[in-house]
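Before any comments, here is the structure.
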Amino acid sequence: MSGAPELNSVMLRRLAARIRLRATEMVAIQGFGYLGQALSAAEIFATLFGGVMRHGHDRFVLSPGHYVIALYAAAAETGLLNPQALATYGKDGSDLEAIGSERTPLADLVCGSLGQGLSGAVGFALAAELAGEDRDVFAFLSDGEMEEGQVWEAAMFAAHRRLGRLIVTIDANNSQVDGPVDSVTTLEPLADKWRAFGWRVVEVDGHDVEALRRAFAVRNDGPEPFAIVARTQILGGLRAIPPTVDGHFIKLDAALKAAITSELEAAIA
Amino acid sequence: MREPPYSTVLKPYGAALVELARRQPEIICLGADLTRQTETDLFRDQLPDRFINIGMAEANMMSVAGGLARAGRVVFVNTFGVFSTRRCFDQIAMSIAYPKLNVKIVGFMPGLSSPGGPSHQAIEDVALMRALPNFTVVEPSDAIETTLAVAAIAAHPGPVYLRLKRGEIPVIFEDSHRLDLHRAQIVVGGEGCEVCIVASGMMLPAALAAARTLIENDVGVAVLNAPVIKPFDGATVMAAARGSRLVITAENHTIIGGLGSAVAEVLAEAGASAPLRRIGIADTFGEAGSREYLFAKYGLGTQDIVDAAWDGLKINRPAPQARVVELSPGAYAPV
């Protein structure tokens, strides 16, 4: 029921770097994949799995299944998954599919079709409330999937029901398949939209583990559902990756892998 | 079986659901702003803690239902059939069907039974739901069977689509009627009759009336009640249809993908040679209008079944006319 012991900021930063390193190794097996998702969300996953979330008791919903690589990496680094399993990522017959599915371990719900996760989290929160359970429901969302109307149906309804144990973390990395989110449509002002829908909102630098931790600490401070808008970069701020690389689906050759690895190892040291 | 005109009752589904939910605290009732219309005002008034109105947001409702079911609840989701299937198909597929969750989707106003026109007429809902892996699809034909269906689908672990007529529900079967989610039933005639009619839902009374007319005119007829479109009881259909000269399906639904298709698949896979005539909506959208007007115009009447039999058997004299049943208020008879 209890998760990993709560880590301090230095340890969380190292955990985030190790999540990126694991993800780089996984994507390197095939030479391409959803690496940007792990690079952008590493600190969010480190904070959630590094003490905020009580794994196996609180609910965890991963709405954009393309981020499942970050879940595998975080789980391997926090003792929830045998790290050897990561070598099967994306391979035929493996449970560690590149886009999360019903076979995905370690989460209560993973969606591959975008925009459905928050509704599922609302279902978990309603069930916990009806049963009188002391249980937080953490839902991880990406900014791109907020183009789906269902997200806003769920946001409106969660606030109406005052589901105060529902916590959404939004990886606002401004990245989707066709390019920057703001080149496809305008989501901003994102935090104000969630506020207008009746949520308590905190906006943070999503690569700042201390800011994330402070944000999660006030999650139960009101009757309204709680959203953290985590501003991130799809390439995780890594200098080793040229800024022209398509962050949604990264092609990773040996040279790029080596450059990323040495930068991350320096961060961990 | 009773005789037409049939007496009718109100809210057999709503009453059965409340009765079951009193005994099963894990049952949750979801709605989308159609509470009275889906008979769930009874649930709202009597078990308010377990009634949740999601509002007009069917996509959200289906995925919320999935979350509740993952947390161990048995979730009944209620709205009109158009909104509970075509509007939120991906949510049903991914949030309910694929994970095989204990969600029962109840869709009201099947086929051309709604006066509201194409936006409110669920003409392809059975086809959609039948195509989804893990789904069971049930369409009762009267109030007795509806009551039985509520308990049966609650006891069945996994997703179900229950297709229900709205409003006054006829009582066709005797109180001793039984529903088995794996069986169709021969309700008229027996195996090897000249004509075998397979019907579901609102077309069962029409099939029974057509059979009466045909039998009076010396044509041997079997009628099968097929309330479960999936899994489909092909064995009983084949037992009844083997030796028949003609098989007719009757459904208040497009002839593509529903009961007619299920029977066609069974006959073809068995290598059965009897010709098949599908009575149903002929690959077209409907329009606004009364049930009487629409069923007659779109070929869902008793006479349409009689004519299909006459034509299929190539009988060389004019088809007999189906009897018109006089209706008093509150009574029901097929068109």
Testing residue B:314 on (1) touching a residue at least 40 places away in the same chain (Cβ under 8 Å); (2) on the phi > 0 side of the Ramachandran plot, one condition comes back false. Which one is that?
(1)
Condition set facing another protein chain (nearest Cβ under 9 Å) and not in a helix (DSSP H, G or I), scope region A:113-132, selection surrounded by the most Cβ atoms within 10 Å (Cβ to Cβ): answer is A:116
Using beta carbons and a limit of 6 Å, which pairs, at least six apart or on different chains, have the first residue in region B:121-139 and of a type in the set (Lys, Arg) and the second one buried (at least 24 other Cβ atoms within 10 Å of the Cβ)?
B:130/B:137; B:130/B:229
Members of region B:284-301 that are over 18 Å from residue B:124 (Cβ atoms) and assigned to a loop (DSSP other than H, G, I, E, B):
B:289, B:290, B:301
Which of the residues that make up region A:9-42 are among the hydroxyl-bearing types (Ser, Thr, Tyr) and either more than 12 Å from residue A:249 (Cβ to Cβ) or in a helix (DSSP H, G or I) (or both)?
A:9, A:24, A:40
Given (1) among the acidic types (Asp, Glu); (2) surrounded by 18 or more Cβ atoms within 10 Å (Cβ to Cβ); (3) not in a loop (DSSP other than H, G, I, E, B), number of the condition residue A:210 does not satisfy:
(2)
Does region A:74-96 contain at least one residue that is under 19 Å from residue A:151 (Cα atoms) and of a type outside the set (Asp, Glu)?
no
Take residue A:74 and decide whether it is aliphatic (A, V, I, L, M), at negative phi, in contact (Cβ under 8 Å) with a residue 12 or more places away in the chain and away from chain B (no Cβ under 14 Å).
yes
Please tell me if residue B:200 is polar (S, T, N, Q), free of Cβ contacts under 8 Å to residues at least 12 places away in the same chain and either touching a strand residue (DSSP E or B) at 6+ places or on another chain (Cβ under 7 Å) or surrounded by fewer than 20 Cβ atoms within 10 Å (Cβ to Cβ) (or both).
no
Do you know which residues across region A:140-168 are closer than 18 Å to residue A:34 by Cβ and not aromatic (Phe, Trp, Tyr)?
A:141, A:142, A:143, A:144, A:145
Qualifying residue in region B:136-148 (condition: outside any helix (DSSP H, G or I) and over 25 Å from residue B:255 (Cβ atoms))
no
So in region A:133-164, with the set limited to residues that are free of Cβ contacts under 8 Å to residues at least 60 places away in the same chain and more than 13 Å from every other protein chain (Cβ to nearest Cβ), which one is nearest to the chain's Cα centre (by Cα)?
A:143
Answer with yes or no whether residue B:305 is in contact with a Ser or Thr (Cβ under 7 Å, 6 or more places away or on another chain), under 24 Å from residue B:257 (Cα atoms) and surrounded by 12 or more Cβ atoms within 10 Å (Cβ to Cβ).
no
Please determine whether any residue of region B:107-114 is within 16 Å of the chain's Cα centre (by Cα), of a type in the set (A, V, I, L, M) and outside the structural domain of residue B:202 (by TED's automatic domain parsing).
yes
Looking only at residues that are hydroxyl-bearing (Ser, Thr, Tyr) and free of Cβ contacts under 8 Å to residues at least 24 places away in the same chain in region A:86-112, which one is nearest to residue A:250 (Cα to Cα)?
A:88
Name every residue in region A:65-81 that is over 22 Å from residue A:6 (Cα atoms) and among the aliphatic types (A, V, I, L, M), in order of residue number.
A:68, A:69
The listed residue being modelled with pLDDT under 95 and either surrounded by 24 or more Cβ atoms within 10 Å (Cβ to Cβ) or under 28 Å from residue B:73 (Cα atoms) (or both), out of A:108, A:95:
A:95
Please enumerate the residues belonging to region A:229-262 that are loosely packed, with under 15 Cβ neighbours inside 10 Å and assigned to a helix (DSSP H, G or I).
A:254, A:255, A:258, A:262
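The values are calculated or read from the model by the stated rules, or taken from the named source; none is laboratory data. What you see is a predicted model, and the numbers here were worked out from it, not measured in a lab. Cβ atoms come from the backbone with ideal geometry, glycine included; neighbour counts cover every protein chain shown.
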